[in-house]
1. All but one of (1) open to solvent by less than 60 Å² (accessible area, probe 1.4 Å); (2) under 12 Å from the mean Cα position of the chain (by Cα) hold for residue 52; state the number of the condition that does not hold.
2. Within the range 17-35, restricting attention to residues that are over 12 Å from the mean Cα position of the chain (by Cα) and open to solvent by less than 30 Å² (accessible area, probe 1.4 Å), which residue is farthest from residue 101 (Cα to Cα)?
3. Out of the range 36-49, which residues are of a type in the set (A, V, I, L, M, F, W, C) and over 17 Å from residue 97 (Cβ atoms)?
4. Just give me the residues in the range 21-51 being in a loop (DSSP other than H, G, I, E, B) and touching a residue at least 60 places away in the same chain (Cβ under 8 Å), in sequence order.
5. Pairs only if they're at least six apart or on different chains, beta carbon under 6 angstrom, first in the range 54-79 and closer than 18 Å to residue 24 by Cβ, second assigned to a loop (DSSP other than H, G, I, E, B); list them, first residue then second.
6. Of all residues being of a type in the set (Gly, Ala, Ser) and modelled with pLDDT of 95 or more in the range 56-77, which is farthest from residue 8 (Cα to Cα)? Just the residue, please.
7. Need the failing condition index for residue 47 against (1) of a type in the set (A, V, I, L, M); (2) modelled with pLDDT under 95; (3) open to solvent by 60 Å² or more (accessible area, probe 1.4 Å), just the number.
Amino acid sequence: QVPLVELGGGLVQPGGSLGLSCVGPGLTFGSYAMGWFRQAPGKQRELVAAISRGGRTNYAGAVKGRFTISRDNAQNTMYLEMDSLKPEDTAVYYCTARGVADYWGQGTQVTVSS
């Protein structure tokens, strides 16, 4: 069973919005710090946003003010709301859970293009 699964990627026009979800039915989300990473072609994987077990959030400078990370521990789900998307946001987006063990999803493609 895959511990984490990302949902909601796709194609969106510049300036548009897209929401991602990360579900982990086999995990107790409340025990993990969670985050979203992305990797664009030819680039290293980078942190997009993180949310602590207590709900404290942290964002990369490139997405601050445009992206919002949140979590619902009761539903074992984490979200990333992405607004004012730019072509440079195009990447494969991964969710991760960090705790007694680290888990990664398989990624979902987000393409921002007209």
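1. The failed condition is (2).
2. 24
3. Result: 40, single match.
4. 24, 27, 32
5. Cβ pairs passing all conditions: 76/24; 76/25.
6. So the residue we want is 61.
7. (2)
Here's the yes/no breakdown for (1) surrounded by 13 or more Cβ atoms within 10 Å (Cβ to Cβ); (2) under 12 Å from the mean Cα position of the chain (by Cα); (3) not small (Gly, Ala, Ser):
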residue: 66; (1), (2), (3): yes, no, yes
residue: 69; (1), (2), (3): yes, yes, yes
residue: 79; (1), (2), (3): yes, yes, yes
residue: 82; (1), (2), (3): yes, yes, yes
residue: 96; (1), (2), (3): yes, yes, yes
residue: 103; (1), (2), (3): yes, no, yes
residue: 109; (1), (2), (3): no, yes, yes
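The values are calculated or read from the model by the stated rules, or taken from the named source; none is laboratory data. None of these values were measured; they are calculated from a predicted model. Please note: Cβ atoms are built from the backbone with ideal geometry, for glycine as well, and neighbour counts cover all protein chains shown. Note: accessible area is taken over every heavy atom of the protein model, side chains too, but ligands, DNA and RNA are not part of it. Shrake-Rupley method; radii C 1.70, N 1.55, O 1.52, S 1.80 Å.
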